[in-house]
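Worksheet: the structure to be examined is printed underneath.
The values are calculated or read from the model by the stated rules, or taken from the named source; none is laboratory data. What you see is a predicted model; the values in this text were computed from it and never measured. Positions of Cβ are backbone-derived with ideal geometry, glycine not excepted, and every protein chain shown enters the neighbour counts. These accessible areas exclude ligands, DNA and RNA; they are computed on the full protein's heavy atoms, side chains included. Shrake-Rupley method; radii C 1.70, N 1.55, O 1.52, S 1.80 Å.
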Amino acid sequence: MANAEVTIGSYRDPDGFVFETAEGLFRQINHSYASTYRHLVASNLYQELTNAQLLIPHVATDVPAFTPDGWLVIQPQRIPFISYPYEWCFSQLKDAALLTLQLQQKALAHGMSLKDASAYNVQFLHGKPVFIDTLSFALYEEGQPWPAYRQFCEHFLVPLALMAHTDIRLHRLLLSNLEGIPLQLGSKLLPWHTCMSFGLLMHVHLHAKAQVKYTGQESGSKNKQKAMSRNALLQLLDSLTATVKSLSWSPDKTLWADYYQHTNYQDGAMRHKEQTVEQLLLKAGPEIVWDLGANTGRFSQIATKMGAQVVAMDFDIGSTEIHYLRIKEEKNTAVLPLVIDLTQPSPAIGWLNKERESIFARPKPDLVMALALVHHLAISHNLPVSYLASFFAGLANHLLIEFVPKSDSQVQRLLASRKDIFTGYTQAAFEEEFSRFFQIEEKHPLQGTERTLYLMRKR
């Protein structure tokens, strides 16, 4: 097929793959999956899951197969912005885990089972997790154990347990372990008291020991897996569900989760800032916004009220956790909060460095908001203002940005424990460097502060 490109991240499944043409995104289903696909539809499982918005819907097409073993080409609903587990906060990963277990339970009721439980099969759409891999459903055979049990534990349960019981920052292990955090590693890193939890004892610690024993026996005759009745499998799923639900983490101890309780804005100044941001967003009229340094989403919410879809990024997982829980409570379907450190952004990784995209290779926004951010990048991370201007110019045509001078109390906090070597960090230099890439359309000093808001358009 001319001008078609296979999505590298879908190479793992012999039953089909995703490819893209000028007409859109498609998934080829191979002959090897034809009977299973018919059962997925005839059993009403597909309809039940899509009606409940648990599985991404698709339509069958007459698009020709990409390869000779193709049987059917379907066109799934496209996810506007793909994100990855190492970019999610604790509750996002937890909700994705519970979705996966819910799907497995529903599949069993229709004579099917998930053949894999990869966290990468889940995306966030309209504020909620949704399963995207239609071909993950296999026919269930009585007595068969759940083949995705270990994968579920390594992709979901182990990282959640480490985040809850050891250190929230261990979610970054998912970035260097695309196949999930190994059971043995998770068992070693978890504190001893987690053995007192029946769920963690069984599904992590004893599971890890059993895996070591099983691996040591592989060189001999092939080991047969023990049969597992349907009732036993349902009990396993109930135990996993209870264990995941029991895990919790409080975001109130991270560095920036309580930022707005300690900001130097007075109420009147904050209202003026909010009104000015709303006014400038109205003028720019963006459909897609990236809110960089979004914190708990105060200004992301303003952008959604103006009709924009927002990807809200912050390096602080506590702030992102609060933000995600808030949009769940408010049922705000227009925001995707993510844990992104702009100084160490999500790289292109996986096979050929193409399996998982860099954050900057994904669909770009119409407008970037960078409120109370530039001084952190310039002072805390020594980034020259010229670098920042070039960086923002590569992201969007419109930029809504705040300049915070050295005299501001928040900048003084950053300088309190270090020498001021930032002679180039001035408002004049800021305007000069950004004017190389942008035309300054509006400039608004913020009442009650020494800060300034700018609306810029790329030249």
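The share of accessible area on the stretch 108-178 that comes from carbon and sulfur is 53 percent, using a 1.4 angstrom probe. Extending 7 Å from Cα along the Cβ direction at residue 435 and again at residue 362 yields two label points whose distance is 3.6 nm.
Take the Kirkwood radius over Cα pairs of the chain, plug it into Stokes-Einstein at 37 °C and 0.692 mPa s, and you get 135 µm²/s for translational diffusion.
Ignoring the sites themselves, the chain has its longest run without GluC sites (Glu not before Pro) in a DSSP loop having at most 16 other Cβ atoms within 10 Å at 288-449. With the cut-off at 18 Å, tell me which of the pairs 273/305; 273/443; 245/328; 188/213; 115/213 have Cα atoms farther apart than that. Those over the limit are 115/213.
Counting only DSSP H runs of at least 4 residues, each contributing -39500 (n - 2.57), and dividing by the residue count of the chain, the helix-based mean residue ellipticity at 222 nm comes to -10000 deg cm²/dmol. The relative contact order of the chain, computed from alpha carbon pairs under 8 Å that lie at least 6 residues apart in sequence, is 12 percent.
Placing +1 on the Cβ of every Lys and Arg and -1 on the Cβ of every Asp and Glu, with nothing else charged, gives the chain a dipole about its Cα centre of roughly 780 debye. Considering only 137, 160, 195, the residue lying farthest towards the positive end of the dipole of the stretch 116-254 is 195, judged by Cα position with unit charges set on Cβ.
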